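Peer 1: Below is the structure I would like to discuss, written out as C-alpha cells.
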Amino acid sequence: MATTITGANRHDVTQLIPLIDAIPPIYGKAGRPRHRPDAVYADRAYDSQPHREALRRRGIRPHLARRNTPHGSGLGRYRWFVERTHSWLHQNRRLRVRYEKRDDIHDAFLKLGCIRICLNRLKPSLC
C-alpha cells in the first residue's frame, strides 16, 4: 500500500506517477523483491497518452478507461477495492476531515489508518 499527501487544490492526475514510484518493495518470496504492480486500473480522469507511456516504461500494463466512450469498461470490477479502502480510511475521523495544519502529523495518522486496515485484513480478531 502506498499513499501520498497533497493539497486539496491539486488534481489527482498529477500524482499518478509519484504514487506508482512510492510503492515499497514487496519482500517474502525468493529472488529480487517486486517494486511495481503488473497492471494499474484507473478511471477516465487518468486517460492520457503520456500516462500510458510512463506506465509502460515502468513495465506496468495500463488499464485506463477511455474518455468519450460509453460506460461499461469493466473497470468497476477492480475499482471498488479502492473505493472500499477509502471508506475504511474515512472511518477514522481525523482522516475524513483534516484538522492538522502540519503535513507530517496528517501523514502519520494516514499511515496509522493504513496499518489498521492491513491488520484488520490479516487478523480480523486483532482490532
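Peer 1: Let me confirm something: among 52, 36, which residue is in a loop (DSSP other than H, G, I, E, B), of a type in the set (Lys, Arg), surrounded by 11 or more Cβ atoms within 10 Å (Cβ to Cβ) and at pLDDT 80 or above? Outline the logic, then answer.
Peer 2: Details: 52 fails: in a loop (DSSP other than H, G, I, E, B).
Selected residue: 36, the only one of 52, 36 that is in a loop (DSSP other than H, G, I, E, B), of a type in the set (Lys, Arg), surrounded by 11 or more Cβ atoms within 10 Å (Cβ to Cβ) and at pLDDT 80 or above.
Peer 1: Considering segment 15-31 alone, what residues qualify as being farther than 18 Å from residue 107 by Cβ and loosely packed, with under 12 Cβ neighbours inside 10 Å?
Peer 2: 25, 26, 27, 28, 29, 30, 31
Peer 1: In the set 23, 5, which member is part of a loop (DSSP other than H, G, I, E, B) and closer than 23 Å to residue 122 by Cα?
Peer 2: Result: 23 is the single residue among 23, 5 that is part of a loop (DSSP other than H, G, I, E, B) and closer than 23 Å to residue 122 by Cα.
Peer 1: On the given criteria, is residue 67 surrounded by 12 or more Cβ atoms within 10 Å (Cβ to Cβ), in contact with a Lys or Arg (Cβ under 6 Å, 6 or more places away or on another chain) and either at pLDDT below 85 or not in a loop (DSSP other than H, G, I, E, B) (or both)?
Peer 2: Answer is no for this residue.
The values are calculated or read from the model by the stated rules, or taken from the named source; none is laboratory data. As the structure is a prediction and not an experimental result, all values here were calculated from the model. Positions of Cβ are generated from backbone atoms using ideal geometry, with glycine treated the same way; all protein chains shown enter the neighbour counts.
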